[in-house]
1. So, of the residues in the range A:125-142 that are among the polar types (S, T, N, Q) and surrounded by fewer than 21 Cβ atoms within 10 Å (Cβ to Cβ), which turns out to be nearest to A:Arg85 (Cα to Cα)?
2. Quick check on this structure: which one of A:Arg85, A:Arg21 is in contact (Cβ under 8 Å) with a residue 40 or more places away in the chain, in contact with a Phe, Trp or Tyr (Cβ under 7 Å, 6 or more places away or on another chain), among the charged types (D, E, K, R) and over 15 Å from A:Arg9 (Cα atoms)?
3. What do you reckon, is B:Asn43 away from DNA strand D (no atom under 16 Å from the Cβ), polar (S, T, N, Q) and more than 14 Å from chain A (Cβ to nearest Cβ)?
4. Looking at the range A:48-55, can you tell me whether even one residue there is at pLDDT below 95 and within 25 Å of A:Leu157 (Cβ to Cβ)?
5. Within the range A:134-163, which residues are within 14 Å of chain B (Cβ to nearest Cβ) and not hydrophobic (A, V, I, L, M, F, W, C)?
6. Do we find a residue being more than 10 Å from DNA strand D (Cβ to nearest atom) and within 14 Å of chain B (Cβ to nearest Cβ) anywhere in the range A:67-87?
7. I'm checking my understanding of the structure. Among residues of the range A:189-209 that are in contact (Cβ under 8 Å) with a residue 12 or more places away in the chain and more than 14 Å from B:Ile189 (Cα to Cα), which one is surrounded by the most Cβ atoms within 10 Å (Cβ to Cβ)?
8. When the residues of the range A:1-18 are filtered to those that are touching a helix residue (DSSP H, G or I) at 6+ places or on another chain (Cβ under 6 Å) and within 14 Å of DNA strand D (Cβ to nearest atom), which remaining residue is farthest from A:Ser96 (Cα to Cα)?
2 protein chains.
Amino acid sequence: MAERGAETRDRLVDAALRLFREDGYQATTMRRIATEAGVSLGNAYYYFASKDDLVHELYLLVQREHRELAGPRLRRGATLTENLRAVLHAGIDVMSPYREFGSSFLTVALPPSSRTSPFSADSAAAREQAVGLMREVVTVSRGRPSGVLLDRLPTLLWLAYLGITVHWVTDSSPGQARTRQLIDGVTPIISRLVGLARLPVGRRLVTDVARVMDLVGAPAEPVPAATR
Amino acid sequence: MAERGAETRDRLVDAALRLFREDGYQATTMRRIATEAGVSLGNAYYYFASKDDLVHELYLLVQREHRELAGPRLRRGATLTENLRAVLHAGIDVMSPYREFGSSFLTVALPPSSRTSPFSADSAAAREQAVGLMREVVTVSRGRPSGVLLDRLPTLLWLAYLGITVHWVTDSSPGQARTRQLIDGVTPIISRLVGLARLPVGRRLVTDVARVMDLVGAPAEPVPAATR
DNA sequence: CGTTCGACTTGAACACGTTCAAGTCGAGGG
DNA sequence: CCCTCGACTTGAACGTGTTCAAGTCGAACG
């Protein structure tokens, strides 16, 4: 059956994610992953085309845990500031075990080569989920924005989350305290900007932003060649 | 003298940058760089601690060329939109020969590990230069913003440039046309936001943004361990 | 029971980035 | 002239990610 190898695959994922957490990306070798999973080196490559493919698995896990942790923290009727703040902090909470891995995380997660990029087609589902979480933030919070903004705001918030992740990865302050402060500082600003959309001056801004988002369109498909 | 090896070093940089441009990051091996520079493999490591160190050299070159190309394009008294647009397009122009390299470019350029990151201490000078270019954009353009914003805007524009670079790297549209459109769409929005700072509502936003930037402080020092 | 087939598994092999003990070589001092 | 010293150079060697020809093994078929 096509099911026989499922357990092997699971053992590989378990071993990889544990080693990533304990030793970081670089120090975790494919040989150790294979050994700890009780299979041969070559066999690991039967299930995962590359080491980065295993990182993709981590990406999915972090995403899932983010949803699970953030969901219960959302409060219907709370301000956008409060709910967005909760979701962003939850994101950091979920990623923090992989901090030492972090530098290499973006390294693997950002570029469009192959699967791992949040912009790639392979991550489309996961990205949709992440944007969905932001959509929940928007719809659940008090003072829901008007039509056009309601559609675009989740994606914009997701982009903000991405930016904060970049800061987190490069944040060497103890416990990444600076990133926490960044979240606390940025969320009210975002809320204020959203509130601005009610004024005439803000409405024009929203229109322009929406136009640019349409023009630039969906995140690009994966790049053809250009490995690594 | 300490000068004897300077020519060897130059030959290595020349070979590396040329190969990066022609074959991309992955396909360029240290062995080929060394061979084409007419030195041994080990000798390349006498001058550059790692392959990424050679990328740092590329980073510096691109930076320098960006300044040289963008400077003459600035028009005193033109709008912020026009000048910012010119500088951003110049950035893409300068980077485009390294597009195939691109995916790996961010891979190497973003994470804080060691030298190459724009956030690292080693890149502080280069970053200062990049922010300086944005400062020139601000001071040269018509309608210079008021005090606090005048200080912070260059850094914010540099961050915007970074974001656009991320888009460029992941942009698979032919000729990266989407990124060009993104620039054309985003620059008027930025100008509009800057103009907003004159209104009371904008003034409060500026104050908050400045506070966050202070709190988060200078970009972090390089991360201790966490290689790659 | 023998045969075939395909999912799964193996370990050797490859090219790579990086390290290092050993060497070369020219200038300066005795 | 010999010696020393330090900047520079070398190629072998290590461990890595990845590939691949060759196997194992159980189920389905005759």
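The values are calculated or read from the model by the stated rules, or taken from the named source; none is laboratory data. Everything numeric here is computed off the predicted structure, so don't read it as measured data. Neighbour counts run over all protein chains shown; Cβ positions are idealised from the backbone, glycine included.
1. Restricting attention to the range A:125-142, the residues satisfying the condition of being among the polar types (S, T, N, Q) are A:129, A:139, A:141.
Those still in the list that are surrounded by fewer than 21 Cβ atoms within 10 Å (Cβ to Cβ) too: A:129, A:139.
Values: A:Gln129: 18, A:Thr139: 15 Å.
Within the range A:125-142, the match that is nearest to A:Arg85 (Cα to Cα) is A:Thr139.
2. A:Arg21
3. Working: away from DNA strand D (no atom under 16 Å from the Cβ): no; polar (S, T, N, Q): yes; more than 14 Å from chain A (Cβ to nearest Cβ): yes.
Criteria not met by B:Asn43.
4. Yes - at least one qualifying residue is present in the range A:48-55.
5. Scanning the range A:134-163 gives A:Arg152, A:Thr155, A:Tyr161, A:Gly163.
6. Keep residues of the range A:67-87 that are more than 10 Å from DNA strand D (Cβ to nearest atom), which gives A:67-87.
Of the ones still in play, those that are also within 14 Å of chain B (Cβ to nearest Cβ) are A:81, A:85.
Scanning the range A:67-87, I find at least one residue that is more than 10 Å from DNA strand D (Cβ to nearest atom) and within 14 Å of chain B (Cβ to nearest Cβ), so the answer is yes.
7. Narrowing the range A:189-209 to residues in contact (Cβ under 8 Å) with a residue 12 or more places away in the chain: A:190-191, A:194-195, A:197-198, A:206-207, A:209.
Still in the running and more than 14 Å from B:Ile189 (Cα to Cα): A:190-191, A:194-195, A:198.
Values: A:Ile190: 18, A:Ser191: 19, A:Val194: 23, A:Gly195: 14, A:Arg198: 14.
It comes out as A:Val194.
8. Restricting to residues being touching a helix residue (DSSP H, G or I) at 6+ places or on another chain (Cβ under 6 Å) and within 14 Å of DNA strand D (Cβ to nearest atom), the top hit is A:Leu12.
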